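Before any comments, here is the structure.
The values are calculated or read from the model by the stated rules, or taken from the named source; none is laboratory data. Note that the coordinates shown come from a computational prediction; the quantities given were computed from them, not determined experimentally. For neighbour counting, all protein chains shown are included, and Cβ atoms are generated from backbone atoms with ideal geometry for every residue, glycine included. Just so you know, the surface numbers come from the protein's heavy atoms only, side chains and all, with ligands and any DNA or RNA stripped out. Shrake-Rupley method; radii C 1.70, N 1.55, O 1.52, S 1.80 Å.
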Amino acid sequence: MKVRYPCLILTNLTITTCNMRHTQTEENYLKTIFHFSNADGDLVSTNNIANELGTTPASVTDMIKKLHEKDLVHYTPYKGVTLTKSGRKIALDIVRKHRLWEVFLVQKLNFSWDNIHEVAEELEHIESQELIRRLDAFLGFPRFDPHGDPIPNEEGVIMERATVCLSDVVAGQTVMLAGVQSTHPPFLQYLDKINLGIGKKLTITDNLPFDNAVQLEIDGKPIVISGSIAEKLLVMKPS
């Protein structure tokens, strides 16, 4: 089913809108490309997109061609795809709505952070920009979602933070957990069990060579986490 979606145009730093129609599938593709891309504008492979969306590379190629015709992506056959300025604006708007809804679900409806992603996936396609503006204001203009990911503002600006993986922090330092690099429910449930959430202070007491495990203290209690877990935890970069 097609939904109405505003195409954002940046003119002299003023955001205006034009009426275009994009399917939810197209929006999901743009969001996926955005998540795989980076500031350097590296090409995103069709295989990565296919694996993320659970479809075939051939289906991805067909959709990419459609998005290219709408000037939403730059496509280089057999190499990959990047977002155009218009495509990036749409992707940022979808990301903004998704993360605002996650904040709402956790803060106002008492959802746990491990079961909000799928609900937010449905809510992110709501058309009304006025609703999202009011939602943002109602929540107090949050800058980060429950997983620590930055929320783009209405102009598409993302407030980044200087973070590093916990696995890169040396013993003797105290850091704050700022984000997670996986929203897989069992992973988040594990963090809940060891009382490790966003904003929690961690003191690294030792870096263990086996499995690159990290020994640390949480609320004064010692715990050892594996290197694979530590690599998925982002902490504020020590000063």
Computed about the Cα centre, the charge dipole of segment 49-166 from +1 Lys/Arg and -1 Asp/Glu charges at the Cβ has a magnitude in debye, to the nearest 20, of 380
Under a crude label model (7 Å from the Cα following the beta-carbon direction), how far is ASP219 from SER112 in nanometres?
1.5
Report ³J(HN,Hα) in whole Hz for each residue of segment 107-116, in order, from the Karplus equation J = 6.51 cos²θ - 1.76 cosθ + 1.60 where θ = phi - 60°; Gly and Pro get x.
6, 9, 10, 6, 5, 7, 5, 8, 10, 10
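Among rounded, prolate and oblate, which fits segment 95-182 when a ≥ b ≥ c are the square roots of the eigenvalues of its C-alpha gyration tensor, a/c under 1.5 means rounded, and a/b larger than b/c means prolate? Could you put the intermediate results ahead of the total?
On the way: a/c = 2.46, a/b = 1.82, b/c = 1.35.
Judged from the Cα gyration tensor, segment 95-182 comes out prolate (a/c at least 1.5, a/b above b/c).
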Any chance you could look up the accessible area of ARG96 with a 1.4 Å probe, heavy atoms only, rounded to 10 Å²?
10
Measure nothing fancy, just the Cα-based angle from helix 129-138's long axis to the longest principal axis of the chain, in degrees from 0 to 90, nearest 10.
20
Each label point is 7 Å from the Cα along the Cα-to-Cβ direction; what then is the distance between the points at HIS74 and THR56, in nm?
3.0
Rolling a 1.4 Å sphere over the protein heavy atoms, what is the accessible area per residue of the chain, to the nearest Å²?
55
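How much length, in nm to one decimal, is gained on full extension between SER226 and THR25, taken as 0.36 nm per residue of separation minus their Cα-Cα distance?
Details: separation 201, 0.36 × 201 = 72.36 nm, distance 3.69 nm.
Full extension of this stretch gives 68.7 nm more.
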Relative to the longest principal Cα axis of the chain, at what angle does helix 24-36 sit, 0 to 90 degrees, rounded to 10?
50
Find which of LEU131, ASN153, HIS184 sits farthest along the positive direction of the dipole of segment 117-234, computed with +1 on the beta-carbon of Lys and Arg, -1 on that of Asp and Glu, about the Cα centre.
HIS184
Charge dipole (debye, nearest 20) of segment 161-223; +1 at Cβ of Lys and Arg, -1 at Cβ of Asp and Glu
220
The chain: relative contact order from alpha carbon pairs under 8 Å, six or more residues apart, as a whole percent, is 14
With charges only on Cβ, +1 for K and R and -1 for D and E, what is the dipole size of the chain about its Cα centre, in debye, rounded to 20?
480
Quick tally, 1.4 Å probe accessible area for GLU124, GLU52, sorted with the most first, runs GLU52, GLU124
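Based on the Cβ-Cβ distance of THR174 and SER128, what FRET efficiency does E = 1/(1 + (r/R0)^6) give at R0 = 35 Å, to the nearest 0.05?
Values: r = 44 Å, r/R0 = 1.24.
It comes out at approximately 0.20.
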Leaving out ligands, DNA and RNA, what percent of the accessible area of the chain is carbon and sulfur, probe 1.4 Å?
51
Report the paramagnetic label zone for MET236: residues of segment 86-104 whose backbone N is under 11 Å from a point 7 Å from Cα along the Cα-to-Cβ axis.
none
